[in-house]
Amino acid sequence: MEQAVEVMRKEFAGLRTGRAHISLLDPVQVEAYGQSMPLNQVGTVGSPEPRMLTVSVWDKGMVKAAEKAIRDAGLGLNPMADGQTIRIPVPPLTEERRQELTKVAAKYAETTRIAVRNVRRDGNDNLKKMEKDGLISQDELHTYTAEIQKMTDETIKSLDEVLDHKQKEIMQV
């Protein structure tokens with residue numbers, strides 16, 4: 001259950017808010033040396049200003065490839081090369097785009113809720129099988145089932161708190 005929430009947090013990190021964050025460039029893959037590599041293995045990603053990202057490319061020959069990868073990543077960013085540094089201004093979000101992003105965040109959260117419920121179901125199924133095989137008593141089955149339900153409720157509550165925080169962050173102008 002915790003792993004499902006952790007995956008959701010990573011997906012949320014890729015969602016754009018009003019501020020520039022280096023995790024915004026995590027999905028960018030650069031064609032380098034005959035293979036596809038994450039951008040952070042081609043250069044150093046930084047955020048010197050709230051609305052600006054920079055990538056200091058280590059190999060001068062990779063600047064054009066990195067710039068093209070950022071442009072083609074579908075993030076709505078327009079990088080500009082400046083020597084071995086690529087400057088990426090992050091445009092402010094429109095109200096409509098903010099609402100779309102909150103819906104995407106809600107979708108990620110619902111997918112995570114489903115994953116958490118699947119973990120609960122698997123745990124309950126295992127307990128029922130153990131009870132059927134005579135490894136645990138009916139009383140233990142009810143006790144453990146209640147514990148699993150309690151863990152599920154706590155996990156979904158924390159998931160909802162993370163979602164609420166992310167939606168407020170996205171809607172913040």
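For the range 75-131, which residues satisfy the criterion of being among the β-branched types (V, I, T) and either in a helix (DSSP H, G or I) or closer than 19 Å to D153 by Cα (or both)? Break it down into steps so the answer makes sense when it comes.
Filtering the range 75-131 for residues among the β-branched types (V, I, T) gives 85-86, 88, 90, 94, 102, 104, 111-112, 114, 116, 119.
Answer for the range 75-131, where residues must be among the β-branched types (V, I, T) and either in a helix (DSSP H, G or I) or closer than 19 Å to D153 by Cα (or both): T102, V104, T111, T112, I114, V116, V119.
Would a scan of the range 156-173 turn up a residue that is in contact (Cβ under 8 Å) with a residue 12 or more places away in the chain and loosely packed, with under 12 Cβ neighbours inside 10 Å? Yes, because at least one residue in the range 156-173 is in contact (Cβ under 8 Å) with a residue 12 or more places away in the chain and loosely packed, with under 12 Cβ neighbours inside 10 Å. Taken across the range 145-153, residues that are assigned to a helix (DSSP H, G or I), surrounded by 13 or more Cβ atoms within 10 Å (Cβ to Cβ) and among the hydroxyl-bearing types (S, T, Y) do occur, with at least one present. Per this entry, M37 is not counted among residues that are under 26 Å from D160 (Cα atoms), of a type in the set (A, V, I, L, M, F, W, C) and surrounded by 13 or more Cβ atoms within 10 Å (Cβ to Cβ). Scanning the range 116-130 for residues that are closer than 16 Å to T143 by Cβ and open to solvent by 80 Å² or more (accessible area, probe 1.4 Å) gives N126, K128. M62 falls short on exactly one of the conditions (1) over 25 Å from K168 (Cβ atoms); (2) outside any helix (DSSP H, G or I); (3) among the aliphatic types (A, V, I, L, M), and that condition is (2). Tell me, please, whether a residue that is exposed (fewer than 14 other Cβ atoms within 10 Å of the Cβ) and modelled with pLDDT under 90 can be found in the range 63-70. For the range 63-70, residues exposed (fewer than 14 other Cβ atoms within 10 Å of the Cβ) and modelled with pLDDT under 90: absent.
The values are calculated or read from the model by the stated rules, or taken from the named source; none is laboratory data. Predicted model only: the values in this text are computed from it and were never measured. No Cβ is skipped: glycine too gets one built from the backbone with ideal geometry, and neighbour counts run over all protein chains shown. Surface accessibility is based on the protein's heavy atoms, side chains included, excluding ligands, DNA and RNA. Shrake-Rupley method; radii C 1.70, N 1.55, O 1.52, S 1.80 Å.
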